[in-house]
Amino acid sequence: MISYKELGLVNTRDMFAKAVKGGYAIPAYNFSNMEQLQAIIQACVETKSPVILQVSKGARDYANINLLKNMARGATEYAHELGCDIPIVLHLDHGSSFELCKECIENGFSSVMIDGSSLPYDENVALTKKVVEFAHQYDVTVEGELGVLAGIEDEVVAAQSHYTKPEEVEDFVKKTGVDSLAISVGTSHGAYKFTPEQCTRNAEGVLVPPELRFDILHEIEVKLPGFPIVLHGSSSVPQQYVKMINEYGGKLTDSVGIPEEQLRKASKSAVCKINIDSDGRLAMTALVRKVLTEKPAEFDPRKYLGPARDELKKMYMHKNIEVLGSAGHALD
Ligand code: G3H
Ligand code: 13P
Ligand code: ZN
């Protein structure tokens, strides 16, 4: 057993309290390799933003838990070396079982999500409560989920979303003791969130998807005043990356993500953690394709992963500054 405190990490408790009070959201960026981690730390140090490093079950299997633990330790030391000890959380994204959460807690994670959202309500409560009781012994914070997002969530695929029922949230939080709650208000996982047919066009001709259900979010905030709310599936699917991927030999079909304006609005509410994975994948793939197409004789991974890392950093900085509002809050 190694405590996250020995790795220089923090849990989400203070971070969320400050974010809710300050009207901004903490970025939760998924990673599974070194270049993604470098980009996240560089961007968050430069913008002085707190950050949540997220590891999915798939990423844990891909990268190895020992390596991940030491990468997180490296991340705190790297931030220090870069000149700003930003608060860093290592979080299990979409934990699917008690055993997985326990394994992560014993390996230096400071926060875990137990995702019982596909279970019947009572089973979700029982599983979440069991994880909370274990995690809190080690001062690890826990995220639960109520409601179902459409799209691919690790190995679970939901065809349709089921919005969170505001009448359930108080009971769920009270019975489980969770520290934060992920809700379903119209976001979805993956790069294919809305087809152009599901959107309308604004005055500039830009495709705009249906608005998130801010009415449901508001009802939840009223039931749980000041309680930290989490938004999954919050990639914006930047069209410049989709275009670049297709220009350099890719075959992505048209899709629209969550508009930045709506995420900006959500960040000012009780939403204090916003999950972004797909946008990072798109940015990285776009740059790798571009470099390899323009320089077909290149075979040094640093020559294509380096530019991909630089683009990722730029994108994360933009999100921290322009969308989530977390920039400048590292030392609150
Ligand atoms: O919601 C989750 C993540 O985007 C999952 O990604 O399981 O492919 O690593 P992954
Ligand atoms: P995106 O697929 O929209 O990036 O969502 C990521 C996520 O919710 C990770 O838990
Ligand atoms: Zn998610």
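The values are calculated or read from the model by the stated rules, or taken from the named source; none is laboratory data. Quick caveat: nothing in here was measured; it's all calculated off a predicted structure. Note that we place each Cβ from the backbone using ideal geometry, even for glycine, and neighbour counts take in every protein chain shown. In case anyone asks, the SASA skips ligands and DNA or RNA and just uses the protein heavy atoms, side chains included. Shrake-Rupley method; radii C 1.70, N 1.55, O 1.52, S 1.80 Å.
For this structure, a couple of remarks:
- Residues located in the stretch 289-298, provided they are surrounded by fewer than 19 Cβ atoms within 10 Å (Cβ to Cβ) and either assigned to a helix (DSSP H, G or I) or in contact with a helix residue (DSSP H, G or I) (Cβ under 6 Å, 6 or more places away or on another chain) (or both): Val291, Leu292, Thr293, Glu294
- Of all residues in the stretch 256-282, those that are within 16 Å of Arg213 (Cα to Cα) and open to solvent by less than 10 Å² (accessible area, probe 1.4 Å) have Cβ atoms under 6 Å from Cβ atoms of residues that are in a helix (DSSP H, G or I) and at pLDDT 95 or above, 6 or more apart or on another chain, in Leu263/Val323; Ser267/Leu324; Ala270/Val20; Ala270/Glu221; Ile274/Leu324.
- Candidates Gly22, Gly58, filtered to the one that is open to solvent by 20 Å² or more (accessible area, probe 1.4 Å), away from ligand 3 (no atom under 16 Å from the Cβ) and not charged (D, E, K, R): Gly22
- Taken over the stretch 72-102, the residue count meeting the criterion of being away from ligand 2 (no atom under 16 Å from the Cβ), under 18 Å from the mean Cα position of the chain (by Cα) and of a type in the set (A, V, I, L, M, F, W, C) is 4.
- If only residues of the stretch 220-279 that are among the hydroxyl-bearing types (Ser, Thr, Tyr) and not in a helix (DSSP H, G or I) are counted, the one that is modelled with the lowest pLDDT is Ser255.
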